[in-house]
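First comes the structure, then the notes that go with it.
The values are calculated or read from the model by the stated rules, or taken from the named source; none is laboratory data. All of these numbers come straight from a predicted model, not from anything done at the bench. When we count neighbours, we look across all protein chains shown, and the Cβ atoms used for this are built from the backbone with ideal geometry, even at glycine.
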Amino acid sequence: MNQIKKNLLIVLPCIVIFLSSSVTAEAQKETTITKFYFQTAVGGGNFGNNSSDLGVQAIIKNKWSLSLSYQALDMRPNNIPNDYIPATGTGEFFIIPYSYSKGVDNVSMKLVNFTGGKYFKLSRSIWATTEAGVSFVHGEKTKFRSIPVTSGTSYYVLGWEDYTTSNYEATVGNKNTIGAMLKADINWAFASFMGIGGGVYANVNSIQSPVGFHIKLIFGLMGKEKKHRG
């Protein structure tokens, strides 16, 4: 929870600056923001990743879309050696038998995405967007070093364990880089202030390139058109 609060403290000022500059720029150009809403999403994708998103999106003159989003991912490293063997063990603790297999820990990645693209009206309450842009990426990278496999038996006061170690030592480091974000979403406003949506994304960067999907809740100015009566 503390990490989430720290992340929000970093992201929210960026959102405020982004919104202020966008609104000012569009006002100077005498354009119209026809939709403006916040988005929160969860999803998954390759490398067994789990993701969560927080962001804002504006639709300009029913033609263009502009977005700022923060995305956090948890996933398997993409460079696990083909001959990797996890550590294993079997034993007893207080006459209760157990066994385990311990593989490589997941790595985390955090993205701040600035994207823009095209808006497509599908009906009076349904629309789609396709966007591309740049990402500021902070991620973990796992390095593997081959080591000899050892096995043995450990004895404890209340039990024992037969163990076999992994054939690789894994160390995790942090890295910052710039990436390219591509995404496409479809949205449905079921009310004038709220809707749901879903989409797909791909981020290309030098650390690890996630591809996935998300399901989102949106709330704000939906710009939903009134139903015409005949």
- Query: Using beta carbons and a limit of 8 Å, which pairs, at least six apart or on different chains, have the first residue in the range 92-121 and free of Cβ contacts under 8 Å to residues at least 12 places away in the same chain and the second one crowded, with 18+ Cβ neighbours inside 10 Å and among the hydroxyl-bearing types (Ser, Thr, Tyr)?
  - Reply: Phe120/Thr129
- Item | Residue satisfying condition, being free of Cβ contacts under 8 Å to residues at least 60 places away in the same chain, small (Gly, Ala, Ser) and farther than 14 Å from Tyr201 by Cβ, within set Ala58, Ala132 | Ala58
- Message: Tell me yes or no: at least one residue of the range 197-205 is under 25 Å from the mean Cα position of the chain (by Cα), of a type in the set (Ser, Thr, Tyr) and within 22 Å of Leu68 (Cα to Cα).
- Response: yes
- Message: So Ile80 ticks every box in (1) closer than 30 Å to Tyr119 by Cα; (2) in a loop (DSSP other than H, G, I, E, B) but one. Which box is left unticked?
- Response: (1)
- Task: Kindly check whether there is at least one residue in the range 186-195 that is modelled with pLDDT of 95 or more and not in a strand (DSSP E or B).
- Result: no
- Query: In the list Ala128, Ala87, Ala180, Ala132, which residue meets the criterion of being hydrophobic (A, V, I, L, M, F, W, C) and within 17 Å of Tyr37 (Cβ to Cβ)?
  - Reply: Ala128
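Report, by residue number, each residue of the range 31-58 that is closer than 11 Å to Gly220 by Cβ and buried (at least 18 other Cβ atoms within 10 Å of the Cβ). Full working, then the answer.
At the first step, the residues of the range 31-58 found to be closer than 11 Å to Gly220 by Cβ are 33, 35-39, 56-58.
Of everything in the range 31-58, those that are closer than 11 Å to Gly220 by Cβ and buried (at least 18 other Cβ atoms within 10 Å of the Cβ) turn out to be Lys35, Phe36, Tyr37, Gln39, Val56, Gln57, Ala58.
Here's a check for you: in the range 83-109, which residue that is assigned to a strand (DSSP E or B) and closer than 16 Å to Thr142 by Cβ is nearest to the chain's Cα centre (by Cα)? Break it down into steps so the answer makes sense when it comes.
Keep residues of the range 83-109 that are assigned to a strand (DSSP E or B), which gives 87-93, 96-102, 107-109.
Okay, now just the ones that are also closer than 16 Å to Thr142 by Cβ, so 87, 102, 107-109.
Details: Ala87: 29, Lys102: 25, Val107: 12, Ser108: 9, Met109: 8 Å.
In this case the residue turns out to be Met109.
May I ask you to list the residues in the range 206-224 that are within 13 Å of the chain's Cα centre (by Cα) and among the small types (Gly, Ala, Ser)?
Residues satisfying the conditions are Ser209, Gly212.
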- Query: Does the range 81-100 contain any residue that is in contact with a His (Cβ under 6 Å, 6 or more places away or on another chain) and either of a type in the set (Asp, Glu) or modelled with pLDDT of 95 or more (or both)?
  - Reply: no
- Note on Glu131: of the conditions (1) modelled with pLDDT under 95; (2) in a strand (DSSP E or B); (3) within 19 Å of Asn62 (Cβ to Cβ), unmet is (1)
